[in-house]
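These notes are about the structure you will find just below.
The values are calculated or read from the model by the stated rules, or taken from the named source; none is laboratory data. This structure is a prediction, so every number in the text was calculated from the model and none was measured. Neighbour counts are summed over all protein chains in view; Cβ atoms, including those assigned to glycine, are modelled from backbone coordinates with ideal geometry. The protein model used for the area step is the full one, side chains on, heavy atoms only, and it has no ligands, DNA or RNA in it. Shrake-Rupley method; radii C 1.70, N 1.55, O 1.52, S 1.80 Å.
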Amino acid sequence: MRRVIIGLSAAGVSAVETLREGDPQSEIVAIADESLIYSRPLLSYYLATKLEMPRLLYRPSDFFERNRLTTVFTRATRIDPQNQRVYLENGGVESYDQLLIATGARPRFPRAAGLEKKGVFGLRRIEDVHGMFERLPSVKRAVILGAGLVGLKAAAALREHDVEVTILVGSRHVLSQMLDEPSARVYEEIFRRHGVSIVTGVKPAAVLGNGEVSGVETADGQVFPCDLVVVGKGVDPNMELVSDTRINTEYGIVVDKYCETSVPNVFAAGDVAQAPDIIRGETWINALWPCAVEQGRIAALNMLGREISYRGSMRMNSVQFFNLPVISAGLAVLTPGPLGARPGEHDETLEERPSESVYRKVFLKDDTIVGFVQIGEVGTAGLLKVLMERRLNIAGIKSNLLSPRLNLGFLLPLLEENRDRFDEVEFQELMDSVGV
Amino acid sequence: MERLYCDGRLCVACHACEVACAVEHSSSRNILSVISTGEFAFPRRLVQGVGESPYRPRVGGVALSLGCQHCSPAACVDACISGAMHKEGGATVCDTEQCVGCWMCVMACPFDAITPLKTAWKCDLCPNRVELSGRARYACVEACPTEALRTAGCESVTDNRQPVTGNR
Ligand SMILES: Cc1cc2nc3c(=O)[nH]c(=O)nc-3n(C[C@H](O)[C@H](O)[C@H](O)COP(=O)(O)OP(=O)(O)OC[C@H]3O[C@@H](n4cnc5c(N)ncnc54)[C@H](O)[C@@H]3O)c2cc1C
Ligand code: SF4
Ligand code: SF4
């Protein structure tokens with residue numbers, strides 16, 4: 001058995017470890033165009049100089065030997081599923097019995113002129129940060145295109161270097177894929193207080209400059225002078241290598257609950273995969289670290305023949321900006337958009353704002369949670385998540401859902417009533433052992 | 001794999017386990033010092049009323065001492081963006097030097113077992129307690145006066161279940 005994995009990040013690493021644990025013998029080959037295993041979400045901490053390079057490396061340095069992994073550090077350019085082969089940029093060809101595509105995603109660049117100029121960066125790979133470091137000593141002003149999670153992380157990180165930062169946002173407010181307008185306003189306030197200007201409702205038309213960035217011009221003719229541009233507007237899946245194959249794609253590579261593509265023995269996981277989504281009831285890309293790790297493991301287990309089906313992914317993210325934490329999960333955005341809820345997907349919201357920087361909101365549909373946002377106090381997020389993920393009817397406990405003191409003890413009777421949805425041994429044992 | 005369980009029929013919500021846990025994870029590991037110097041101490045398991053409104057004080061009712069289930073696979077480990085949350089043998093442990101306080105794990109844990117303090121704060125199954133202090137394996141189990149808290153492996157929990165009179 002020869003198993004080939006393309007891409008060695010969250011999904012790929014998790015798959016390698018699962019495969020090696022489940023099958024000590026057979027060959028595992030990883031094709032990757034990055035030779036370092038590092039955490040992408042930590043890149044903004046690295047850019048902010050809050051941590052040093054070694055802390056980005058989330059696996060011990062003997063990862064390759066320990067997992068007896070054969071590595072080929074180059075790009076895969078094409079897959080031939082008929083003959084079970086992967087073609088490589090370096091001219092090589094790898095044949096496989098089973099293939100996992102874990103090629104992730106890349107920053108989505110807007111349609112604007114001049115994006116190839118020196119000083120325009122995404123924030124996705126370690127080279128991006130090193131490129132910015134090189135430039136930073138001569139940077140006074142930066143413009144961030146897009147106010148997605150990565151855009152805001154970049155903005156906050158650049159403030160640590162005393163760079164003047166302006167964020168240009170196409171939508172009406174920041175984090176439009178993660179927060180609704182009132183929640184987003186809390187953050188806009190904080191960013192402004194930390195010296196970041198936010199301009200909403202503008203589209204970039206061109207990056208100005210003579211080879212080197214000197215500014216950004218918007219579609220309505222405003223000019224923002226700057227020496228650095230960071231694009232932070234969301235991501236596109238790296239799925240070009242399956243074009244011209246029978247592997248089914250839509251927004252990403254479509255996989256079933258076994259993380260298998262439409263072609264047998266070809267699996268996909270992580271940011272490149274469009275996998276079943278629990279809340280939406282259809283396949284969706286949730287380009288998030290936990291989803292990539294879990295899908296990598298599910299794919300690997302099925303490659304091992306275990307027939308483990310995936311409960312499905314769910315959008316859920318937790319971040320802090322200027323020490324104010326926010327967690328947003330499920331359909332937490334009312335404004336229509338690729339990630340927002342569509343009409344009819346919510347029928348009730350519970351909401352509370354006990355203080356300036358504490359905000360909680362739960363979105364319901366037919367008395368089940370379909371999304372929530374917590375700002376400031378996030379301690380009960382895990383419980384809301386489990387109620388949402390297991391689709392429990394919360395009609396009887398609505399008045400307690402926003403409580404910062406919500407706890408597992410309180411929820412246990414409800415969980416017990418729905419015991420069939422908690423098949424994990426940890427839940428079963430807990431319910432058995434309490435003796436009530 | 002070892003987990004800690006609480007028998008709801010025996011727990012009297014005295015919070016002794018919380019105190020013992022907080023002390024065990026303080027830097028002095030000494031209750032007198034914790035009280036007199038006000039050094040940082042915070043429990044990694046919490047006593048909770050079963051089915052009771054979090055706003056209503058407990059009168060009668062059933063209580064449980066709850067903490068990490070040391071899941072496998074563990075949702076918190078999957079979610080951790082820094083590699084801080086990891087498995088050590090059967091235990092799920094947070095390397096606080098590596099933790100960046102992003103609270104991905106808090107959001108992921110279905111057992112409400114992680115407290116967002118400066119870093120992720122959770123049960124670590126008292127590593128090296130016997131070696132360090134010569135005392136019993138787990139601080140909370142040792143402290144429980146009714147023997148409601150006990151340990152059990154995956155298979156033995158159901159056997160232990162019938163007449164639970166605190167066999168530990
Ligand atoms: C700055 C930043 C902050 C983030 N913060 C969070 C957060 O707080 N929480 C969260 O959940 N998620 C966060 N994310 C998202 C998270 O990093 C991704 O969801 C995760 O990395 C996806 O993992 P993956 O393995 O699917 O793909 P990737 O991490 O994208 O890795 C894919 C790998 O495959 C390689 N590759 C691609 N194509 C080829 C090819 N043809 N041949 C060979 N190799 C190839 C790539 O170079 C890369 O190494 C953040 C991302 C960034 C950039
Ligand atoms: S912290 Fe939560 S998810 Fe992690 S092992 Fe413990 S109970 Fe499981
Ligand atoms: S808070 Fe710490 S342990 Fe938890 S996910 Fe973030 S880095 Fe990992």
Table column - 3J(HN,Hα) (Hz), segment A:5-13, Karplus curve with 6.51, -1.76, 1.60, x for Gly and Pro: 10, 9, x, 10, 10, 3, 5, x, 5
Point-charge dipole on Cβ atoms (K/R +1, D/E -1) for segment A:37-99, about Cα centre, debye to 20: 260
Rg/Rg_globular for segment A:154-215, with Rg_globular taken as 2.2 N^0.38 Å and Rg from C-alpha atoms: 1.24
Positive-end residue, segment A:154-253 charge dipole about Cα centroid, Cβ charges, pick of A:Q177, A:V229, A:Y251: A:Q177
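With +1 on each Lys and Arg Cβ and -1 on each Asp and Glu Cβ, and nothing else charged, work out how big the dipole of segment A:120-233 is about its Cα centre, in Debye to the nearest 20.
On the way: 13 positive and 14 negative charges, 35 e Å.
So the magnitude is around 160 debye.
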Inter-centroid distance (Cα atoms) of segment A:339-418 relative to segment B:67-142, Å: 25
Antiparallel bridges, percent of DSSP beta bridges restricted to the protein assembly as shown (to nearest 5): 65
Along principal axes, Cα extents of the protein assembly as shown, largest first, whole Å: 78, 58, 50
Under the Karplus curve 6.51 cos²θ - 1.76 cosθ + 1.60, θ = phi - 60°, whole-Hz ³J(HN,Hα) for segment B:84-97, x wherever Gly or Pro sits: 5, 7, 8, 9, 10, x, x, 7, 9, 10, 9, 7, 5, 5
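So, with a 1.4 angstrom probe, what is the percent of accessible area on segment A:316-434 that is carbon and sulfur? Mind dumping the intermediate values first?
Details: 2050 of 4240 Å².
Carbon plus sulfur share of accessible area: 48 percent.
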Under-5 Å amide H pairs with B:W121, H placed in peptide plane, nonlocal only: B:T115
HN-Hα J in Hz across segment A:59-73 - Karplus 6.51, -1.76, 1.60, θ = phi - 60°, x for Gly and Pro: 10, x, 5, 8, 3, 5, 5, 4, 9, 6, 9, 8, 10, 10, 8
DSSP-assigned coil residues among trypsin sites (Lys or Arg not before Pro) in segment A:377-436, each with at most 12 further Cβ atoms within 10 Å: A:R405
Euclidean distance between Cα centres, segment A:130-147 to segment A:218-236, Å: 12
Sequence-distant aspartates and glutamates (8 or more away, or on other chains) whose Cα lies within less than 13 Å of A:K257: A:D277, A:E282, A:E294, A:E307
Inter-centroid distance (Cα atoms) of segment A:53-75 relative to segment A:274-290, Å: 28
Per principal axis, descending, Cα span of segment A:316-434 in whole Å: 41, 33, 24
Options A:A206, A:G22, A:L411, ranked by Cα towards positive dipole end of chain A, top entry (Cβ charges): A:A206
Set of aspartates and glutamates near A:K385 by C-alpha distance (under 12 Å), chain-local residues within fewer than 8 positions excluded: B:D112
Sequence-distant residues sharing a close amide H with A:I31 (under 5 Å, placed H): A:I5, A:I6, A:G7, A:V72
Volume of the Cα convex hull of segment A:120-233, divided per residue and given in Å³: 90
Dipole magnitude of the protein assembly as shown, debye to nearest 20 (Cβ charges: Lys/Arg +1, Asp/Glu -1, about Cα centre): 780
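Can you say what percent of the DSSP beta bridges in segment A:120-233, counting only those with both residues inside, are antiparallel? Round to 5. Don't skip to the end; give the middle numbers.
Details: 7 of 22 bridges.
Antiparallel bridges: around 30 percent, rounded to the nearest 5.
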Solvent-accessible area buried by pairing B with A, both sides, nearest 100 square angstrom, 1.4 angstrom probe: 4100
Listed residues A:I298, A:A105, A:L51: farthest to the positive end of the dipole of chain A (Cβ charges): A:L51
Descending semi-axes in Å of segment A:212-369, equivalent ellipsoid built from Cα gyration tensor: 32, 26, 15
Built amide H within the under 5 Å cut-off of A:R315, gap 5+: A:G330
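With a 1.4 Å probe and every protein chain left in place, work out the accessible area per residue of segment A:316-434 in Å², rounded to a whole number.
Numbers: 4240 Å² over 119 residues.
Counting only protein heavy atoms, the per-residue value for segment A:316-434 is 36 Å².
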Average accessible surface area per residue within segment A:120-233, 1.4 Å rolling probe, Å²: 40
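When averaged across all projection directions, what area in nm² does the alpha-carbon convex hull of segment B:69-122 cover? Please list the in-between numbers first.
Values: hull surface 12.3 nm².
For segment B:69-122, the mean projected area of the Cα convex hull comes to 3.1 nm².
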